[in-house]
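Visitor: Before I ask anything, let me first share the structure, which is written out below as structure tokens.
The values are calculated or read from the model by the stated rules, or taken from the named source; none is laboratory data. Keep in mind the model is a prediction, meaning the values are calculated, not measured. A quick note on method: Cβ atoms are made from the backbone with ideal geometry, for glycine too, and the neighbour counts reach across all protein chains shown.
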């Protein structure tokens, strides 16, 4: 079966801990809710969390023909390939050097039988090292979304991620500011735990689109841990924010 992938989107960040996987999963669900067929590639070799977050950690990829892999079906229009399906236990560490990691990433890109997809969304490893570089070089026509949090430490690394994408000539769809404020459940006021507005600031500085902000919400954490992505069955303002971000990406593809 020949793959026909119309669009590819790399979701990456300059550092870990900014909620990149949460963004990738819920953005994929937002695309699916718009009637699109989506593949999710969990390319984070050392921290493959998407199977757990999508509730399919007990799934299994299957061989398909010579050197081909069939992904796990999450829903009718969403499929997943993850390193989680290639290890004996979910808590087993991946103690690999660079060449082994590059080989599995190449297999994920070249040997997965996705079929027809509107979008392939890649949850890329954090940083600007070997793994993100390999993915970007193997998918030269991909677009990129950079995930940051508002504080200066994250913004500095996000600037590096923007320049990384520019140097590799990836189309930058924009930047998403995650963990952007917490609404107090008692008084309703917003608490800016990690400052405010940093994502918009560097979007203006680098002349790239600002796609939107996603606030902190304990329900997002609970939904991810339970394998039921937040956007799947929730109609809150945060879900509307994800849908709006998806719309911005789709209209500028």
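Visitor: Tally time: how many residues in the range 60-81 are modelled with pLDDT of 90 or more and out of contact with any strand residue (DSSP E or B) (no Cβ under 7 Å at 6 or more places or on another chain)?
Guide: 2
Visitor: In the range 218-233, what residues are buried (at least 18 other Cβ atoms within 10 Å of the Cβ) and not in a helix (DSSP H, G or I)?
Guide: Scanning the range 218-233 gives a single hit, 229.
Visitor: So, one more: Which count do you get for residues in the range 21-48 that are surrounded by fewer than 22 Cβ atoms within 10 Å (Cβ to Cβ), under 28 Å from residue 193 (Cα atoms) and touching a helix residue (DSSP H, G or I) at 6+ places or on another chain (Cβ under 6 Å)?
Guide: Result for the range 21-48: 0.
Visitor: Please work out which one of (1) at pLDDT 85 or above; (2) more than 30 Å from residue 111 (Cβ to Cβ) is the condition residue 188 fails and give its number.
Guide: (1)
Visitor: Among the candidates 227, 198, single out the residue that is at positive phi and touching a helix residue (DSSP H, G or I) at 6+ places or on another chain (Cβ under 9 Å).
Guide: Among 227, 198, only 227 is at positive phi and touching a helix residue (DSSP H, G or I) at 6+ places or on another chain (Cβ under 9 Å).
Visitor: Pick out the one residue from 235, 192, 178, 163 that is within 16 Å of the chain's Cα centre (by Cα) and farther than 20 Å from residue 7 by Cα.
Guide: One residue alone meets the criteria, 178.
Visitor: So which residues in the range 110-148 are free of Cβ contacts under 8 Å to residues at least 60 places away in the same chain and more than 18 Å from residue 13 (Cβ to Cβ)?
Guide: Scanning the range 110-148 gives 110, 111, 137, 138, 140.
Visitor: While we're here: Restricting to the range 82-99, name every residue that is closer than 22 Å to residue 128 by Cα and either in contact with a strand residue (DSSP E or B) (Cβ under 9 Å, 6 or more places away or on another chain) or surrounded by 12 or more Cβ atoms within 10 Å (Cβ to Cβ) (or both).
Guide: Listed by number, the residues that qualify are 82, 83, 94, 96.
Visitor: Something else: Looking at the range 184-207 only, could you name the residues that are assigned to a strand (DSSP E or B) and over 20 Å from residue 237 (Cβ atoms)?
Guide: 195
Visitor: Would you mind stating whether residue 14 is over 26 Å from residue 98 (Cα atoms) and assigned to a loop (DSSP other than H, G, I, E, B)?
Guide: Considered against the rule, which asks whether it is over 26 Å from residue 98 (Cα atoms) and assigned to a loop (DSSP other than H, G, I, E, B), residue 14 comes out as no.
Visitor: How about the range 115-134: which of its residues are assigned to a loop (DSSP other than H, G, I, E, B) and over 14 Å from residue 147 (Cα atoms)?
Guide: If the condition is that a residue be assigned to a loop (DSSP other than H, G, I, E, B) and over 14 Å from residue 147 (Cα atoms), then 115, 129 are the ones that fit.
Visitor: Quickly run through the range 163-183 and pick out the residues that are out of contact with any strand residue (DSSP E or B) (no Cβ under 6 Å at 6 or more places or on another chain) and either surrounded by 17 or more Cβ atoms within 10 Å (Cβ to Cβ) or outside any helix (DSSP H, G or I) (or both).
Guide: 164, 168, 169
Visitor: List the number of the failed condition for residue 153; all other conditions in (1) crowded, with 16+ Cβ neighbours inside 10 Å; (2) closer than 16 Å to residue 20 by Cβ; (3) at pLDDT below 85 hold.
Guide: Only one criterion in (1) crowded, with 16+ Cβ neighbours inside 10 Å; (2) closer than 16 Å to residue 20 by Cβ; (3) at pLDDT below 85 is unmet by residue 153, namely (1).
Visitor: Please go through the range 100-146 and give me each residue that is at pLDDT 90 or above, touching a helix residue (DSSP H, G or I) at 6+ places or on another chain (Cβ under 6 Å) and surrounded by fewer than 20 Cβ atoms within 10 Å (Cβ to Cβ), ordered by number.
Guide: Correct list: 138 only.
Visitor: Checking residue 18 against (1) surrounded by 15 or more Cβ atoms within 10 Å (Cβ to Cβ); (2) within 22 Å of residue 225 (Cβ to Cβ); (3) modelled with pLDDT under 90, which test does it fail?
Guide: Only one criterion in (1) surrounded by 15 or more Cβ atoms within 10 Å (Cβ to Cβ); (2) within 22 Å of residue 225 (Cβ to Cβ); (3) modelled with pLDDT under 90 is unmet by residue 18, namely (3).
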